[in-house]
Amino acid sequence: MANNGAQRRSPDAQLRAMADQWPDFRGEKYPDGTLVWMGPLMPKARLYHVSIFWKPGAMSLPYVTVDDPPLEPRPGGTFAEIPHLIFYREKPERSGLCLFDPEDREWTPANLIAETTVHWTAEWLAYYELWHLTGDWLAPGVGYESIAQIYAADARAIKEVLADVH
């Protein structure tokens, strides 16, 4: 889906595409150039209200949050265990969804958010629902699934290093 080599879509083009393809989303352009959309998605079992933020030139990727119902860890788990989040430590409930691999340039400013990010958000939410049921993130992904896995890997590496030090 990446539109590599093409020019960046204008903010007005992004707003028009969203209005045309996702009429239930409310879009707005702030005076500083930030684009914000809020709207409903129902991937499988639940209706979610999400927000999409993007500031052309300042943000390399759109940032998507789930507003309602808020994301939750599995019973007995922690917020840091939720897979594929852009973890926001100070406000975990405002953590963004990790929707694409930025190193692979799966999304560029030449892409329309309406044709990529919204679909990927719905897909992420479907896998989130399955994760709550099964405990496994069934979607393909890049790297660690959660910030908790990164911390665990770091802790293991530190333990191994310390065990080798005399």
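Derivation of every value follows stated rules applied to the coordinates shown; laboratory data play no part. Just so it is clear, the model here is predicted, and its values are computed rather than measured. For neighbour counting, all protein chains shown are included, and Cβ atoms are generated from backbone atoms with ideal geometry for every residue, glycine included.
At a glance:
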read-out: Cut-off under 5 Å, modelled amide H: who pairs with LEU85 long-range; value: CYS98, ILE147
read-out: Extension gain (nm, one decimal) between GLU123 and MET38, 0.36 nm per residue minus Cα-Cα; value: 28.9 nm
read-out: Long-range amide H partners of ASP67 with built H, under 5 Å; value: HIS49, VAL50, SER51
read-out: Net charge of neighbours whose Cβ lies under 14 Å from the Cβ of GLU28, counting Lys and Arg as +1 and Asp and Glu as -1; value: +2
read-out: Extension gain from ARG8 to ASP68, taking 0.36 nm per residue of separation minus the Cα-Cα distance; value: 18.5 nm
